[in-house]
Amino acid sequence: TAVSEDRVYVSSWPDMSYTGLQGIGCLDADDGSLLWLNPLGGKGGASTPALRDGRVYVGSFYGDLYCVDAETGDPIWNRTLETEPQWWGIASSPLVLDDGILVTTFSGGALHLLSFEGEEIWNLSTGRIDPYTSPAYSDGKAYFAGGDPALYCVDISSGLPLWKLPTEAPITSSPSAADESVFFATSDTLWAVDAATGDVLWQESMKGTTSSPAISLGRVYVGTDESSLNCYDKSSGTLLWRAETNGPVATSPVVASGFVYFGTQTGEGIIYALDAQSGSTVWSYDVSE
């Protein structure tokens, strides 16, 4: 979901029994009414939309990256990037920069840079990756989960890798770049590495998910497959607190105004708001009710 002024942009895609609306929809932020729906070729997609300069960029079920008009939902262009879409298509969330649009595709483990008119500038393939990981960016460099498996640092201007850090286990989360460091999770470890060199700063044992680390005020917040939201010291990796949840946390936490917000990946999912300092539950909402 992406929010801009008085509008909410959200993607939907089918499960085995879903027959409702599918595509990228625009909702009125005040009353939730549907303003427009673009079907993205017929089956929507799992990609989180990105907005810039009156355009919405989003991946589709069939493997295309779409650019649509944010006001009307009319298509501007689409480009096929994923040649083996399977059940995900392009599930990566596009990242819009001054240089163009970054997005990853899973079958080739590729990072793509496209122009704002949909022309591919370069791509770097690494081998099959988790379909839900997305790139991060800082200071002219892109960071993404490669299929080796390894974390890659790529020069935006050339598309050439500057360094890569091999990991024994597959990378499950999108990386987060902050304060000259990069944080990411594999299936068994939370990593902190130097953004310039790829040197490991610290590692902590943790069963990672697609939950991307959130960095705020010297702390790292991340969801686990062990039914918890964990908080670590950003400099040392020391576990500061662990908040138990009703299931695995595959969503990426958001930190704002002293609170941490996230949801659980269960049939009876719960949205949590925790105190960012202590990890105590401030409120929770059962979405199945």
Inset, instruction - Put one equal scatterer on each alpha carbon of the chain, apply the Debye formula with no solvent term, and list log10 I(q)/I(0) at q = 0.10 1/Å to two decimals. - result: -0.53
Legend entry - Cα-based reach from Lys234 at 15 Å (exclusive), listing aspartates and glutamates while leaving out same-chain residues under 8 positions away: Asp179, Glu180, Asp194, Glu204
Legend entry - Whole-percent pair-distance distribution, where bins are 5 Å wide, for the alpha carbons of segment 205-275: 4, 19, 32, 27, 14, 4, 1, 0
Inset, instruction - Pop out the Kirkwood hydrodynamic radius of segment 94-137 from its pairwise C-alpha distances, inverse of mean 1/r, in Å to one decimal. - result: 10.5
Inset, instruction - May I ask for the net charge around Pro170, where only other residues with Cβ less than 11 Å from the Cβ of Pro170 are counted and Lys, Arg are +1 while Asp, Glu are -1? - result: -3
Inset, instruction - Measure out, as a whole number of angstrom, how far apart the alpha-carbon centroids of segment 34-87 and segment 176-227 sit. - result: 29
Inset, instruction - With N set to the residue count of segment 75-226, report its C-alpha Rg divided by 2.2 N^0.38 Å to two decimal places. - result: 0.99
Inset, instruction - Calculate the dipole size of segment 165-289 relative to its Cα centre from +1 charges on Lys and Arg beta carbons and -1 charges on Asp and Glu beta carbons; express the result in debye to the nearest 20. - result: 140
Legend entry - Spatially proximal lysines relative to Lys164 (Cα-Cα < 16 Å; intrachain offsets below 8 disregarded): Lys141
Inset, instruction - Treating the Cα atoms of segment 112-161 as identical point scatterers in vacuum, please give the log10 of the normalised Debye intensity I(q)/I(0) at q = 0.16, 0.28 Å⁻¹, two decimals. - result: -0.45, -1.20
Inset, instruction - Only Lys, Arg, Asp and Glu count, each charged at its Cβ (+1, +1, -1, -1), so figure out the dipole size of the chain about its Cα centre, rounded to 20 debye. - result: 420
Inset, instruction - Would you list which aspartates and glutamates come within 20 Å of Lys43, measuring only between C-alpha atoms, while excluding same-chain residues fewer than 8 positions from it? - result: Asp15, Asp64, Asp69, Asp74, Glu82, Glu84
Legend entry - Relative contact order %, the chain, counting alpha carbon pairs below 8 Å whose residues are six or more apart: 7
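Laboratory data are not the source of any read-out in this text; all were calculated from the coordinates shown. If you're wondering where the values come from, they're calculated on a predicted model, not measured in any experiment. Virtual Cβ from ideal backbone geometry, glycine too; neighbours counted across all protein chains shown.
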